[in-house]
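The structure appears below as structure tokens.
The values are calculated or read from the model by the stated rules, or taken from the named source; none is laboratory data. Small disclaimer: the values here were computed from a predicted structure and weren't measured. When we count neighbours, we look across all protein chains shown, and the Cβ atoms used for this are built from the backbone with ideal geometry, even at glycine. Just the protein is used for accessible areas: all its heavy atoms, side chains included, with ligands, DNA and RNA removed. Shrake-Rupley method; radii C 1.70, N 1.55, O 1.52, S 1.80 Å.
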Amino acid sequence: SYTTDTKSREENKKTLESLYSLSVDITKVRRLKEWVLLQDVAYVKEIAGILQEMGADETTVANIIERCPEAILHTPAEINSQRALWQLVCQNEKQLIKLIEQFPESFFTTEYHQNQKANILFFQQLGLKNNIITRFLTSAPNIFYNPVEKNKNVIETLQRNYLNLGGSEANMKIWILKLLSQNPFILLNTSTTIQENLEFLQKNDFTDQEVLQLLSKLKGFIFQLNSTTMQKSMVFSKNVFKCSDQELKQLVLKCPALLYYSVPVLEERLEGLLKEGISIAQIREMPMVLELTTQIIQYRIKKLSALGYDIKNGNLESLNGTKKDFEVTCGKIQSKKQRPIFNPVAPLHIED
């Protein structure tokens, strides 16, 4: 543990000199984590040496330290252990140094070394490719801080439920790997939460097949919910769309966002659509538009309007989809608009 009491202490001159010699911008370090400069012991040259051994040039070393100053407080032994650990999933040191430069905080969190190692080996045994594991290490590092038993428990709960819901043994591995790749944060949930959420859906008359369908569509987000928020969202949607339980179920299967988003979020998005002159009937026909933020909706309506497309009288399908889908839709409207009206059998009038 490092002291963060900055009032009564002076900056370590030896640390400052070592950082200057590496062309590190001290102002950036002070602004980000000044307390690092106050520590009695720092391993500036040693850490820089290890990074250089891996292929980092002077600029890269300076950039890493400026972004994650506490790197210099780790012992060379800790960093070499971390280096060996990440090499289990990196193709080579060139890739490793690139990852460290992009995600220094993830690499220099060494307190959970044993858990990290056990989890990497577990994920490899599970069949996750190394490039997916490196993505987890950088974008979801806290899943590696769990004891491996906790992560195994969550995976086993998922596998058991998948089979209980009628999924096949043959497809289970692919399903689990896909779910994890899409949303590794499901591992931060408890087995109990997973169980409760699945039971909530079954109590609301979703068939086993429909629950499986929802799990795949929600990309694992269902495990971050709880039955109270899901219940509130479903009641809200039922009132807004004035539909029966069976119709609501079909809407949720079409658009799981009705289950996933909280009531305030759904309210705000509905309000945004209604302000643009879109009717509840249109939204009910294409509920997936509720997955888009109000800002995105406003931008898309403006763009369609500029192309002469009136969304109030049209289908909301043109608003829907990813950014790429929307650009394709606009391109089609544009080309349709620009196409000349040409009758191939009409006589040509040629002047003499």
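I'd like the distance between the alpha-carbon centres of the stretch 143-166 and the stretch 9-86, rounded to an integer number of Å.
Computed from Cα coordinates, the inter-centre distance equals 38 Å.
Could you pull out the trypsin sites (Lys or Arg not before Pro) across the stretch 66-169 that fall in loop regions by DSSP (anything but H, G, I, E, B) with no more than 14 other Cβ atoms inside 10 Å?
Filter output for the stretch 66-169: LYS129.
I'd like the trypsin sites (Lys or Arg not before Pro) in the stretch 225-288 restricted to DSSP loop residues with at most 10 other Cβ atoms within 10 Å, sorted by number.
The qualifying sites are LYS242.
Using the Cα centre of the chain as the reference point, and only Cβ charges (+1 on K/R, -1 on D/E), how large is the resulting charge dipole? Debye, rounded to the nearest 20.
The calculation lands at about 660 debye.
Most fluctuating residue of VAL148, VAL289, VAL240 in a GNM of the chain with Cα springs under 10 Å: which is it?
For the chain, modelled as a Gaussian network with Cα springs under 10 Å, the answer is VAL240.
Looking at [x] 72, 54, 46; [y] 53, 48, 42; [z] 85, 74, 45, which value of Cα extents along the principal axes in Å comes from a calculation on the structure shown?
Label [z] holds the value from this structure.
Expressed as a fraction of 2.2 N^0.38 Å, the rule-of-thumb size for a compact globular protein of N residues, what is the C-alpha radius of gyration of the stretch 11-110?
That ratio works out to 1.00.
Find which of CYS255, GLN87, ILE280 sits farthest along the positive direction of the dipole of the chain, computed with +1 on the beta-carbon of Lys and Arg, -1 on that of Asp and Glu, about the Cα centre.
The Cα lying farthest towards the positive end belongs to ILE280.
Working from Cα positions, state the angle (0 to 90°, nearest 10) between the long axis of helix 93-102 and the longest principal axis of the chain.
70 degrees
Could you look at the stretch 64-117 and say what percent of its accessible area is carbon and sulfur, using a 1.4 Å probe and all protein chains?
Roughly 47 percent, rounded to a whole number.
Within the stretch 108-183, report the GluC sites (Glu not before Pro) that DSSP leaves as loop and that have at most 16 other Cβ atoms within 10 Å.
GLU111
Beyond a 25 Å Cα-Cα separation, which of these cross-linked pairs lie in this structure: LYS217/LYS303; LYS242/LYS332; LYS13/LYS45; LYS150/LYS254; LYS129/LYS324; LYS238/LYS312?
LYS217/LYS303; LYS242/LYS332; LYS150/LYS254; LYS129/LYS324
Which residues make up the longest stretch of the chain clear of chymotrypsin sites (Phe, Trp or Tyr not before Pro) that lie in a DSSP loop with no more than 16 other Cβ atoms within 10 Å, not counting the sites?
Segment 146-341 is the longest.
Write down the accessible area per residue of the stretch 11-110 in Å², having rolled a 1.4 Å probe over the full set of protein chains.
Accessible area per residue: 47 Å².
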